[in-house]
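Notes follow the structure.
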Amino acid sequence: MTTLNDRTSLLAEAIALRTADRTEEARTRLLSLSERFPADAEIAYQTAWAHDRLGLEAEAVPFYESALAGTLTPADRKGALLGLGSTYRILGRYEDAVRTLRTGAAEFPEDGALRTFLSMALFNTGEAHEGMRLLLRLLAETSDDASVRQYRAAIEYYAKDLTATE
């Protein structure tokens, strides 16, 4: 029988393997852990991540979905929402990507990566106007470029209405 301490150390080993670019080994261990702990959201998230890193997006989806159905730390939840949304987008599941990334952007409004991936998914669904607004706002809020900072007010103005001419 696997104890909680065993689970924790085995998970840490698998994460270390993924971090060391030994992702296939990590995936194998994580799949084994997923079988032993099918309701463990953290293991599901790490398993999804390993699949994604290997380009196995379709196989990652059920692990992301399982992870998000459980309890994750805020950082892992943010990562899982971004990972699942991006994965849906890669798989051509654009509406699912928009829904997932909107959820992530609403829960973590300070996260620029979620807003960036949401803008790409919006483009894929024909909502380029909204996607461009998101990117312009993000640019205005986060750019360190002196010329962007100089025109921040104008960029923010146009982000509200891209059709404005004045």
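A crude spin-label estimate for the pair A20 and E141, with each label 7 Å from Cα along the Cβ direction, gives 3.9 nm.
Along its three principal directions, the equivalent ellipsoid of segment 5-71 from the Cα gyration tensor extends over semi-axes of 16, 15, 8 Å, largest first.
Multiplying the residue separation of Q150 and A113 by 0.36 nm and removing their Cα-Cα distance gives an extension gain of 11.0 nm.
Backbone N atoms of segment 85-110 closer than 17 Å to the 7 Å Cα→Cβ label point of H129 are not found in any residue. The loop-placed chymotrypsin sites (Phe, Trp or Tyr not before Pro) in segment 100-166, going by DSSP, that have at most 16 neighbouring Cβ atoms within 10 Å of their Cβ come out as Y151.
Relative to the globular-protein estimate of 2.2 N^0.38 Å, the Cα radius of gyration of the chain stands at 1.23.
Just so you know, all these numbers are worked out from the coordinates, no wet-lab data involved. What you are looking at is a predicted structure, and each value in this text was computed from that prediction instead of being measured. Because the Cβ atoms are built from the backbone with ideal geometry, glycine has one as well, and the counts that use them run over all protein chains shown.
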